[in-house]
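One structure below.
Readers should treat all values here as calculations from the given coordinates under stated rules, not as data from a laboratory. Source: prediction; values computed, not measured.
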Amino acid sequence: MATISLRKANTRLPPEVNRVLYVRNLPFNISSEEMYDIFGKYGAIRQIRIGTNKDTRGTAFVVYEDIYDAKTAVDHLSGFNVANRYLIVLYYQQAKMAKKSDSKKKEEEITRLQEKYGISTSKDK
């Protein structure tokens, strides 16, 4: 058993690898139990959050206790077929998610300012 943990400790992981996975293309009616059955095969899970809003349905976050278990899950579950849908399993990247929300906020701010000052864009004409 000690040799396995030594080997694990010496394994270098790519920088994007982390314990939090972002899963897309899930069936809308998937249950928490089904998620634990699918993802629990690869290691201890700390938390699963399934999207319930209109814009988050079909997505989930899966948080593993161990980074190596998360890597194994990504390696094995990307493209996995669940109810005729192929899962997209990615490492959650905080910086990319923040950029998306920042650009959305900027667009909303621009629209608000255009309305406030009565400026129309060429596509409005």
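Using a Cα-Cα cut-off of under 15 Å, which aspartates and glutamates could be cross-linked to LYS71, ignoring same-chain neighbours fewer than 8 residues away?
Cα-Cα hits under 15 Å: GLU16.
With the alpha-carbon atoms as the only input, what is the per residue convex hull volume for the stretch 15-117 in Å³?
Working: hull volume 11.5 nm³, N = 103.
Measuring per residue, one finds 112 Å³ for the Cα hull of the stretch 15-117.
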